[in-house]
Amino acid sequence: MEALRVRCYNVRFGDAILISIPDRTAAGSPITRHMLIDMGNVLSGAGGQDELFAPIIQDIQSQLRGRPLDLYVMTHEHLDHVQGLPYAHTKLGISLQARHAWLTASAAPDYYDRHPEARRRLEALRQAYAQIERFLSASPSLLSPALQAVLNNNNPRQTGDCVDFLRSVGRKTWYVYRGYDISRRPALRDAKLEIWAPEEDASIYYSPILPMALNAPADFSLALDTLSPPAGVDAGTFYNLVEMRRRGFMDNLLAIDRAANNTSIVFGLEWRGWRLLFAGDAEIRSWQTMFHKGILRPVHFLKVSHHGSFNGLPPAPILDTVLPQPAPDGRPRHAVVSTFPGTYNNVPDAVVLEELAARCTLHSTLEIPDGAYLDIVFPP
């Protein structure tokens with residue numbers, strides 16, 4: 001292989017990306033290095049079909065030709081990014097191994113012992129999750145498919161089991177953050193990796209929990225009869241959303257979801273003048289931190305964050321840094337969104353897709369069959 005290739009698999013609502021990099025051995029012989037970023041999809045609804053993992057795992061094996069991955073990256077602790085490899089191991093009898101594995105810093109077994117403020121805030125988030133879960137189990141009329149997807153994706157018990165498994169995927173496992181020494185982890189001679197996020201202290205991403213009225217009568221200061229659904233919006237869905245906002249748990253559930261997204265490993269890859277950015281599911285808080293630290297630079301490839309949601313797209317000044325108009329060097333630019341409609345509300349977001357399409361060639365896993373892939377190639 002003489003060109004760098006990014007292969008994006010259609011796992012419906014989730015991520016699975018294989019990067020193949022032309023490189024050299026210590027003796028100077030040509031070799032292709034393979035890096036896998038995430039593998040998973042949601043656990044409910046049409047966006048999650050686990051049978052898609054079989055053809056994807058088999059294709060990855062065919063690319064490896066009996067060798068282990070050079071690097072596996074678990075960007076963050078959400079099931080739509082982590083549950084694929086454990087599923088392949090237990091259900092398909094297929095286990096992928098890697099020479100090196102990167103897991104987000106907060107996945108380290110001793111992380112919360114070393115970061116007590118992060119532990120305090122995480123415990124508050126998990127207590128809120130447990131309260132919301134109990135409330136919704138007793139109020140099934142409020143539980144929409146999108147809400148069920150958010151609940152499942154943030155389930156700490158299932159996520160913990162997957163992360164425990166992923167700690168053993170690499171012969172050597174590193175829990176990385178911006179500033180972590182990744183030199184020779186793995187060893188690349190013709191390419192350079194650089195971690196742009198997250199911060200080592202994840203507590204900056206954990207928002208305070210808001211008061212919730214889950215065991216009390218609804219607060220009728222916001223009466224249903226004063227509101228009506230906008231044109232084209234299902235009335236039942238609209239009034240359920242009003243009820244969730246009124247009881248105070250919707251904002252907290254989104255804060256729980258946002259906290260994990262913002263701990264995503266965001267890293268850059270440079271190879272022969274091409275610069276690629278893999279952003280996990282970083283949301284606005286993470287993008288702002290990278291911007292203010294002066295880390296961001298123009299790129300030729302962007303893995304679109306958070307499946308094309310509005311809160312995964314950097315605001316205009318930040319986006320202008322990553323994908324300025326016009327391209328500074330005149331080279332073609334690409335972005336890929338891995339998504340499936342109807343899983344989360346308004347994801348993918350039409351405005352996000354339009355903004356990206358105006359700056360580069362936008363690709364979507366919606367364009368290819370389930371379990372298939374699209375390739376983006378960068379020539380030497």
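The values are calculated or read from the model by the stated rules, or taken from the named source; none is laboratory data. Computed from a predicted structure; not experimentally measured. Note: ideal-geometry Cβ built from the backbone for every residue, glycine included; neighbour counts use all protein chains shown.
For region 89-104, the criterion of a residue being without any contact (Cβ under 8 Å) to a residue 40 or more places away in the chain and on the phi > 0 side of the Ramachandran plot is satisfied by at least one position. Restricted to region 170-184, and to residues that are of a type in the set (D, E, K, R) and surrounded by fewer than 19 Cβ atoms within 10 Å (Cβ to Cβ), which residue is nearest to LEU103 (Cα to Cα)? If we take residues in region 170-184 being of a type in the set (D, E, K, R) and surrounded by fewer than 19 Cβ atoms within 10 Å (Cβ to Cβ), then LYS172 is nearest to LEU103 (Cα to Cα). Evaluated against (1) in contact with a Phe, Trp or Tyr (Cβ under 8 Å, 6 or more places away or on another chain); (2) not in a helix (DSSP H, G or I), TYR87 falls short on exactly one condition, (2).
Screening ASN154 with (1) surrounded by 20 or more Cβ atoms within 10 Å (Cβ to Cβ); (2) farther than 21 Å from GLY47 by Cα; (3) in contact with a helix residue (DSSP H, G or I) (Cβ under 6 Å, 6 or more places away or on another chain); (4) not aromatic (Phe, Trp, Tyr) gives one miss only, at (2). Determine if region 190-198 includes at least one residue that is modelled with pLDDT of 95 or more, assigned to a loop (DSSP other than H, G, I, E, B) and either of a type in the set (Ser, Thr, Tyr) or under 22 Å from the mean Cα position of the chain (by Cα) (or both). Scanning region 190-198 turns up at least one residue that is modelled with pLDDT of 95 or more, assigned to a loop (DSSP other than H, G, I, E, B) and either of a type in the set (Ser, Thr, Tyr) or under 22 Å from the mean Cα position of the chain (by Cα) (or both). Can you find even one residue in region 360-376 that is more than 28 Å from SER20 (Cβ to Cβ), in contact (Cβ under 8 Å) with a residue 12 or more places away in the chain and out of contact with any strand residue (DSSP E or B) (no Cβ under 7 Å at 6 or more places or on another chain)? Looking through region 360-376, none of the residues is more than 28 Å from SER20 (Cβ to Cβ), in contact (Cβ under 8 Å) with a residue 12 or more places away in the chain and out of contact with any strand residue (DSSP E or B) (no Cβ under 7 Å at 6 or more places or on another chain). Given the condition in contact with a strand residue (DSSP E or B) (Cβ under 8 Å, 6 or more places away or on another chain), among the aliphatic types (A, V, I, L, M) and in contact (Cβ under 8 Å) with a residue 60 or more places away in the chain, answer yes or no: does some residue in region 342-359 qualify? For region 342-359, residues in contact with a strand residue (DSSP E or B) (Cβ under 8 Å, 6 or more places away or on another chain), among the aliphatic types (A, V, I, L, M) and in contact (Cβ under 8 Å) with a residue 60 or more places away in the chain: absent.
In region 182-204, the residues that are without any contact (Cβ under 8 Å) to a residue 12 or more places away in the chain never reach a residue that is in a loop (DSSP other than H, G, I, E, B) and not β-branched (Val, Ile, Thr) with C-beta atoms less than 7 angstrom apart, at least six apart or across chains.
When ALA235 is evaluated against the numbered criteria (1) out of contact with any helix residue (DSSP H, G or I) (no Cβ under 9 Å at 6 or more places or on another chain); (2) modelled with pLDDT under 95; (3) surrounded by 11 or more Cβ atoms within 10 Å (Cβ to Cβ), which criterion, by number, is the only one it fails? If we test ALA235 against (1) out of contact with any helix residue (DSSP H, G or I) (no Cβ under 9 Å at 6 or more places or on another chain); (2) modelled with pLDDT under 95; (3) surrounded by 11 or more Cβ atoms within 10 Å (Cβ to Cβ), just (3) comes out false. Only one entry of TYR112, TYR180, TYR175 meets the criterion of being at pLDDT 95 or above, assigned to a helix (DSSP H, G or I) and either under 16 Å from MET35 (Cβ atoms) or not charged (D, E, K, R) (or both), and that entry is TYR112. When only residues in region 288-313 that are free of Cβ contacts under 8 Å to residues at least 60 places away in the same chain and closer than 20 Å to GLU270 by Cβ count, which is surrounded by the most Cβ atoms within 10 Å (Cβ to Cβ)? Selected residue: SER305. Going through (1) in contact (Cβ under 8 Å) with a residue 60 or more places away in the chain; (2) in a helix (DSSP H, G or I); (3) under 17 Å from THR263 (Cα atoms) one by one, ALA146 falls short only on (3).
The set of residues in region 348-372 being surrounded by fewer than 18 Cβ atoms within 10 Å (Cβ to Cβ) and of a type in the set (Ser, Thr, Tyr) consists of THR361 alone. The residues in region 9-30 that are in contact (Cβ under 8 Å) with a residue 12 or more places away in the chain and touching an Asp or Glu at 6+ places or on another chain (Cβ under 9 Å) can be counted, and the count is 14.
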